[in-house]
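This report refers to the structure that appears directly beneath it.
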Amino acid sequence: MSFNLLPLPYAANALGPLISQETIEYHYGKHHRKYVETLSALLLHEPGLQDASLVEVIRAASASKQRALFNNAAQVWSHNFYWHSICPPGAAPEPEGELARLIGSAFGSVAGLASALCNEAEAHFSNGWVWLLLEEENLVIRSFHDADTPLVHAGVIPLLNIDVWEHAYYIDYRNDRADYATAVTEGVLNWSFAAMNLDGKGADRADQRPEQQAASDVK
Ligand SMILES: [Fe+2]
């Protein structure tokens with residue numbers, strides 16, 4: 001069985017100038033693609049997982065402590081989630097309704113949430129992911145190291161993520177993760193996606209079945 005690289009939800013140049021087409025061509029076209037290819041190669045040796053969805057592979061690999069399989073599968077899923085967590089500048093309306101209420105309760109304002117996300121991104125040591133999660137009906141920010149994902153942590157519902165692996169920003173921002181985090185949080189976060197994920201189905205929205213529709217080449 002194999003997984004394919006899912007299509008981006010926008011053109012590769014749609015996030016500019018905050019995230020350049022060149023970054024997308026490397027991040028999506030090379031890094032994300034490599035995780036997909038490595039995952040597919042590893043699954044050739046996993047007869048028990050031939051019909052498993054991506055999320056099922058991640059949870060099985062976590063339970064059996066198959067580190068390489070977990071790392072590559074989790075990275076594929078987290079990247080699927082990330083491409084929906086960001087969107088072209090100006091494309092997402094400001095939070096409203098239940099999401100706005102939760103943001104106000106936990107962070108005071110959207111600016112307060114953005115600042116907290118930036119602080120977490122900047123403070124996170126080494127590679128990983130910053131997540132906005134729903135936990136016991138409250139918004140919380142957590143960061144996870146390397147390929148770790150909220151999928152294997154009980155009691156949290158994923159709403160948005162920010163990739164803080166260096167490959168997410170080295171072309172546009174060199175070593176300056178803080179500048180990258182500021183650009184993402186102030187310019188391209190997809191609040192509509194976060195609001196949608198309050199239904200608890202965010203994990204499914206980044207899931208994929210084996211041999212699902214192939215991505216077209218990066219535009
Ligand atoms: Fe990445």
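Numerical summary
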item	result
Overall Cα dimensions of the chain - principal axes, largest extent first, Å	50, 39, 31
Lysine pairs in the chain with Cα atoms under 26 Å, if 8 or more residues apart or on separate chains	4
Acute angle (nearest 10 degrees) that the helix 54-63 long axis makes with the longest principal axis of the chain, alpha-carbon atoms	80 degrees
Residue among THR185, LEU160, LEU132 farthest towards the positive dipole end of the stretch 97-200, charges placed on Cβ	THR185
P(r) weight above 22 Å for the stretch 59-178, C-alpha pairs, percent	37 percent
Spacing of the two label points (7 Å from each Cα toward its C-beta) at GLU211 and ASP51, in nm	1.3 nm
Separation of the LYS30 and TYR170 label points, Cα + 7 Å toward Cβ, nm	0.8 nm
Proxy reagent accessibility, fewest Cβ within 10 Å first, across HIS167, HIS145	HIS145, HIS167
Burial ordering of THR185, THR38, THR149, fewest other beta-carbon atoms within 10 Å first	THR38, THR185, THR149
The chain, relative contact order [Cα under 8 Å, separation at least 6], %	32 percent
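Only the coordinates and a few stated rules stand behind these numbers; no lab work does. The shown structure was predicted, so the numbers you read here are calculated from the model rather than taken from an experiment. Glycine gets a Cβ as well: all are built from the backbone with ideal geometry, and neighbour counts include every protein chain shown.
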